[in-house]
Amino acid sequence: MTRRLRILREYVRAEAPALRAGGEPDGEPPRAPLLDRLATLQIPRKYARAPLVLDGEEYFVLSAVERVVFHEEAAAYGDAAALLSAPGSLTAGMLVATLGDDEQQSAFFGRLHERPTWTFLAMTEPGGGSDATRLHTTLEPSGSSFLLNGEKRYVGNAHRARTGVVTARTRPGPLGIRCVLVDAQAPGFSAVPIATLGMRGALGAMRFEDLAVPEEALLGRHLPATRRGMWGWLHAFNPLRCVAAALGVGIARAAHAHVAACLAGQDVTRRRRLAELGARIEGVRSLTMGAARAVDADPANAHLPAAAKAAAAVLAVEATTTALRLLGPGARLEHPLLDKWARDAHGIEHMEGTSHIQRMTVAQALARGDLSPA
Ligand SMILES: Cc1cc2nc3c(=O)[nH]c(=O)nc-3n(C[C@H](O)[C@H](O)[C@H](O)COP(=O)(O)OP(=O)(O)OC[C@H]3O[C@@H](n4cnc5c(N)ncnc54)[C@H](O)[C@@H]3O)c2cc1C
């Protein structure tokens, strides 16, 4: 790890414990300086106004590697669910940066500087999320603008966001899928929180009823037809999958550190099991960093982020379950943070595509000869 990344990691490590301070939120997420700082990061340099400056180094947290270091450390020493419930640009910003023209980017990112602003990327629908092309939300021309109709579910910050990106269909076929910027205050928009066992407070559902969308809100207007819709999110998902993997690794590290502190000086068998888990965590951690480096070198690299995301989803569940077992009966009651992480861990499986979808991406790369089975 370079000096630059080490400085970033130390900063996040020092600030992250505040994310745990309020315990598990029932509704509103915790407010912490680290989250407010994150809200003005992950913004393309052209539109960023306030980089994080540490030891004379400027950080925009834009590369996949910096995003991974930030999110893994904040989940390991803080809380993954708090990160998902935080204001800022993360998923929507990635789409706007990929598909937005100068005017759209300037307006979207400019808003994030005014005050901590929650955003959303709404793709998943009540009928399913794995096949993002099978969407039913429609965007139909109406006079000089468009009307948006449909429903989305399991969307991060749906119920508290002020703006975001929605995927919708303008006509049949893959080229008929578009991404649009939507204002949550517009007539015809409604959203409610969804109660979940893990990642509490993070997800919501939204409905659009004849919501008027001006032509200027369609992302990708300036791009060729083949690059406006699916192309954009396929590229945006590669770094996002690295971030999801980093959250999984962070949860696993948090559980491991917690149980290691509790078992200090205890029997050899349990300490050996803990050491084995530690080695597994280091393996997936290194796969995730490798995937982030690969995406920074080639944004079209899909298979390494997919492999890291699938491995981290399994790891997070395995680490938290093992930690609970090692602490014995009653651990869920006696260690409420660990109980929370064990529930949060299952959320990693569904974010940015389930493990079935990630494995298909890896299998396709194998079939194409893009990576060797060894
Ligand atoms: C913490 C969290 C955050 C999220 N954030 C967002 C967000 O911000 N925005 C958003 O739009 N969505 C978000 N989601 C939703 C997430 O993207 C979906 O849950 C995911 O895409 C899976 O969709 P689904 O739940 O509808 O399952 P389905 O797509 O209905 O799949 C059900 C099951 O079938 C399997 N399956 C489906 N298709 C195939 C196939 N072709 N081959 C093999 N198996 C298959 C899946 O693996 C899964 O096990 C989030 C979810 C979570 C848990």
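The values are calculated or read from the model by the stated rules, or taken from the named source; none is laboratory data. Keep in mind that this is a model prediction, so the values were computed, not measured. Counting neighbours? That spans all protein chains shown, and the Cβs are built from the backbone with ideal geometry, glycine included.
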- Task: Could you look through region 159-176, keep only residues that are buried (at least 24 other Cβ atoms within 10 Å of the Cβ) and not hydroxyl-bearing (S, T, Y), and pick out the one that is farthest from S85 (Cα to Cα)?
- Result: A168
- Message: For region 299-341, give me each residue that is closer than 17 Å to A76 by Cα, of a type in the set (G, A, S) and over 18 Å from the mean Cα position of the chain (by Cα).
- Response: A319, A323
- Select from region 77-88 the residues that are in a helix (DSSP H, G or I) and within 12 Å of the ligand (Cβ to nearest atom) and list them in ascending order. A80, A81, L83, L84
- Message: Going through A195, A158, A202, A236 one at a time, which residue ends up being of a type outside the set (D, E, K, R), more than 10 Å from the ligand (Cβ to nearest atom) and touching a residue at least 24 places away in the same chain (Cβ under 8 Å)?
- Response: A236
- Query: Does region 106-119 contain any residue that is closer than 23 Å to R227 by Cβ, within 13 Å of the ligand (Cβ to nearest atom), within 20 Å of the chain's Cα centre (by Cα) and not small (G, A, S)?
  - Reply: yes
- Residue satisfying condition, being in contact (Cβ under 8 Å) with a residue 24 or more places away in the chain, outside the structural domain of P87 (by TED's automatic domain parsing) and within 10 Å of the ligand (Cβ to nearest atom), within set G150, G164: G164
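So, in region 52-76, of the ones that are part of a loop (DSSP other than H, G, I, E, B) and under 21 Å from A14 (Cβ atoms), which residue ends up farthest from the ligand (Cβ to nearest atom)?
Per the stated criteria, the residue is G56.
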- Query: Which condition number does L247 fail, the rest of (1) in the same structural domain as D131 (by TED's automatic domain parsing); (2) aliphatic (A, V, I, L, M); (3) modelled with pLDDT of 95 or more being met?
  - Reply: (1)
- Query: With region 309-374 as the region, which helices (runs of 4 or more DSSP H) entirely inside it contain at least 3 residues that are within 16 Å of the ligand (Cβ to nearest atom) and touching a residue at least 12 places away in the same chain (Cβ under 8 Å)?
  - Reply: 336-350, 355-368
